[in-house]
Amino acid sequence: MSKLNPRQAEAVKYIDGPLLVLAGAGSGKTSVITRKIAYLIEECGYPGQAIAAVTFTNKAAREMKERVAQLVDKKKIRGLMVCTFHTLGLTIIRRELRTLGYRPGFSIFDQSDALALLKELMMKDGDIDMDHVEMIQNMISNWKNELISPEKALSMAGSQGEQQIAAIYQHYNRALKAYNAFDFDDLILQPSLLFDEHPDILQRWRAKLRYLLIDEYQDTNGAQYQLIQTLLGNRGGLTVVGDDDQSIYAWRGARPENIAQLSKDYPGLHVVKLEQNYRSTSRILKAANHLIDHNPHDFNKKLWSEMGYGDPIRVIRTANEDAECERVATEIMDQRLRTGGRYSDFAVLYRGNHQSRLLEMKLQQFQVPYIMSGGTSFFSRQEVKDSLAYLRLLVNPTDDNAFLRIINVPRRKIGPSTLEKLAGIAVQREQSLFNTCGDAHALNANFPPEAAKRLFDFHDWISGVRQRADEGDPIAAVRAMIDESDYENWLHQNASSPNVAEKRMGNVHSLVDQLKQTLGWLQEDDPDADLEAVINRLLLRDMLEQQEEEDDSDRVQLLTIHASKGLEYPNVFLLGWEEEILPHRSSIEEGNVEEERRLAYVAITRAKRNLTITLAAKRKQFGEWQTCQPSRFLDELPEEDIDKLGFGTDTEKAQNKERGRETLASLRDLLKK
Ligand code: ATP
Ligand code: MG
């Protein structure tokens, strides 16, 4: 690792009391933490197990561990904790389970488990509108993040509505305990409550953990901060690093003010500021500084870099969202070919997960390998997997896995014993489960008439769809199949809310749209391309996706801005810089554009060398084309450092179109070769 600058070295070596490293993006804050862990172990003689370093994501934790392993003798890092707040909490919970009143074999409820539980409880209470379940889940989460117990929430509640919600909170907590389960927020909250009630246990943990380091401190919420304060006591073994301009988790209870709070709570706090950025070109840095200057500031931070002035930042406006994603895909291919770089040198960042859908499709179309982190990829969503299983069975009647996945989705009253028997017959006759369903003779001989009919009807139906697809419009046949399957109703019956069901159904429709587009595209090269060819194309994609998530092979990185915190890439694309996307509509309505500006700042500062910002002039919303306004943040970038494309005159438009066509044509040629 490179040499530390004097300020960084000061931060690494300062161990006389609590330390705050306050500095802008890319100035080496995370590097200070890794180096400091090494320093504590190698120079100060701390055993690995006496140190805990907390980072924001599992990915960041893994990276940090790897970096430490390069700096320190393997034997000495045994027991060193480098993890997220949730993992730290979970470790404590595991060891103290009995005192917490839990039994071994506890469960952790994720968001959707917790939501389902809440829904169940609220149905019992009867008088609360189901649409509010998610809102109530948020309120409970906020309470937990602020260490407010159900009893306290009840006593604070003013209106009758608030009282009701606080009462639900109380029921919910009791139910979790009855299920021997924790929700995510409990992982932080419960250890704090435990330490409050059991000073002896706290002493034990204090004796074990002697030095704490926290990365991305600005995004620590009340409960997390409390846990750290409790563990630390009045000792000095604390290093936190952060940047108030990168505080982007207000919705989880984090506030930029946290940083100011720290110096109030620790009057002896030593502060180190870093000013040299080692990540980005001066131009990228200047743009980031320009933008964030539009927010009010408690702390003044200057950032400079010696990475050269760099290329202009490009802002590309396309006619619509489709063209936007296509442009990003072709730009990546083009830049990669020209620079001879790797796909993994490119990252595309967006505000919300839904923005990735169209992009994924375009990347697939151009066969650009990609990997998504920090979100559920389109192809691993349940409803997409279900639909794919239908499609698989449609083109491959011997696909038993696909058959088993959907034979009872939606419910068709075909029970496990029927399926077991069916499997027996299939083995005997050496044919697939699906084909066995078409064997009327075998069915009648082995099943009661009702069960035989259900199996046969299913076979008859799918075979009919296949015939319609072969003889007529395959896409229309697929759409009809989805209609006839009654999948939409089934989603509504099983989703936590009508909203969720509609979103899922939207994904199913979007998959069919992808089928249609892929078919059109395949037919350009091969007029005989049929449904089977398209589905196999999509399936191949799906299988690639299932490869190890941590696979660090050569792929474009797709992630939300939130998930990109702390990371860096040579070439960065930022999608959808439009009003109501970034800044997000809800933030505009709530008057919280400052947080959105910080998000934009985080996004820009991920880039090392090249930054391209894109936006669409039109976007489809609820089936209608809407005109989009460029994001106000674009006006807050230094004009002289920006190349704007697609904003101007008709000639520019024509030129762009022509250039786009040429690029596309040459890329297609390249692909064919
Ligand atoms: P962020 O605010 O985005 O989390 P950060 O402040 O944590 O950024 P790092 O990720 O630690 O910054 O460092 C940014 C880049 O600068 C990394 O590639 C790191 O290796 C490099 N770097 C840090 N310190 C130095 C140094 N003294 N000399 C050379 N490179 C450095
Ligand atoms: Mg960092």
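The values are calculated or read from the model by the stated rules, or taken from the named source; none is laboratory data. From a predicted model like this one, the values you see are computed outputs, not experimental measurements. Using ideal geometry, Cβ is built from the backbone for each residue, glycine included, and neighbour counts are taken over all protein chains shown. In case anyone asks, the SASA skips ligands and DNA or RNA and just uses the protein heavy atoms, side chains included. Shrake-Rupley method; radii C 1.70, N 1.55, O 1.52, S 1.80 Å.
With 28 Å as the limit on Cα-Cα distance, the pairs of 119/177; 286/644; 144/620; 286/503; 119/413 that go past it are 144/620; 286/503. Counting Cα-Cα pairs of region 497-537 in 5 Å increments starting at 0 gives whole-percent bin shares of 6, 24, 22, 15, 10, 9, 8, 4, 1. Give me the angle, in degrees from 0 to 90, between the Cα long axis of helix 321-339 and the longest principal axis of the Cα atoms of the chain, rounded to the nearest 10. Once rounded, one gets 70 degrees.
Think of a 1.4 Å ball rolled over the protein heavy atoms: the chain then has 47 Å² of accessible area per residue. Of the accessible area of the chain, computed with a 1.4 Å probe over protein heavy atoms only, carbon and sulfur atoms account for 48 percent. Computed extension gain for residue 440 through residue 398, at 0.36 nm per residue and net of the alpha carbon distance, reaches 13.4 nm. Per-residue ellipticity at 222 nm computed for the chain from its helices equals -16500 deg cm²/dmol, with DSSP H segments shorter than 4 residues left out and the rest contributing -39,500 (n - 2.57). Restriction of the trypsin sites (Lys or Arg not before Pro) in region 276-349 to DSSP coil positions whose beta-carbon has at most 16 other beta-carbons within 10 angstrom yields 302, 342.
The angle between the Cα long axis of helix 29-42 and the longest principal axis of the Cα atoms of the chain comes to about 70 degrees, rounded to the nearest 10. Taking a straight Cα-Cα cut-off under 17 Å and skipping sequence neighbours fewer than 8 places away in the same chain, the aspartates and glutamates within cross-link reach of residue 453 are 420, 439.
For the chain, the relative contact order works out to 18 percent when only alpha carbon pairs closer than 8 Å and six or more residues apart are counted.
Helix 498-525 and the long axis of the chain differ in direction by around 70°, with both axes built from C-alpha atoms. Amide H contacts under 5 Å for residue 578: 631, restricted to partners 5 or more places along the chain or on a different chain, H placed in the peptide plane at 1.01 Å from N.
Can you classify region 1-48 as rounded, prolate or oblate using the Cα gyration tensor, where a ≥ b ≥ c are the square roots of its eigenvalues, rounded means a/c under 1.5, and otherwise it's prolate if a/b beats b/c and oblate if not? Judged from the Cα gyration tensor, region 1-48 comes out prolate (a/c at least 1.5, a/b above b/c).
Once you list every other residue whose beta carbon is under 15 Å from the beta carbon of residue 470, what net charge do they have if Lys and Arg are +1 and Asp and Glu are -1? Its environment carries a net charge of -3. The convex hull drawn around the Cα atoms of region 576-647, when projected onto a plane and averaged over every direction, covers 5.6 nm².
The Rg/Rh ratio of region 262-393, with Rg taken over Cα atoms and Rh as the Kirkwood radius over Cα pairs, comes to 1.10. Its Cα gyration tensor gives region 437-518 an equivalent ellipsoid; the semi-axes, largest first and in whole Å, are 29, 20, 7. Using every pair of separate Cα atoms, the Kirkwood estimate puts the hydrodynamic radius of the chain at 28.2 angstrom. Divide the volume of the convex hull around the Cα atoms of region 134-191 by the residue count and you get 75 Å³ per residue.
Rounded to the nearest angstrom and listed largest first, the equivalent-ellipsoid semi-axes of region 395-441 from its Cα gyration tensor are 16, 13, 9. The Rg/Rh ratio of region 194-257, with Rg taken over Cα atoms and Rh as the Kirkwood radius over Cα pairs, comes to 1.03. With a 1.4 Å probe and all protein chains kept in place, how much accessible area does residue 184 have, in Å² rounded to the nearest 10? Result for residue 184: roughly 80 Å² accessible. Each 10 Å bin from zero up to the one holding the largest Cα-Cα distance in region 156-298 carries the following percent of pairs: 9, 27, 31, 21, 10, 2.
For residue 229 and residue 294, the difference between the fully extended length at 0.36 nm per residue and the C-alpha to C-alpha distance is 20.1 nm.
For residue 155 and residue 417 in the same chain, what is the full-extension length gain: residue separation times 0.36 nm, less their Cα-Cα distance, in nm? Each step should come with its number before you reach the end.
Numbers: separation 262, 0.36 × 262 = 94.32 nm, distance 5.33 nm.
Result for the pair: 89.0 nm of gain on full extension.
When you filter the GluC sites (Glu not before Pro) in region 171-257 for DSSP loop state and at most 14 other Cβ atoms inside 10 Å of their Cβ, you are left with 257.
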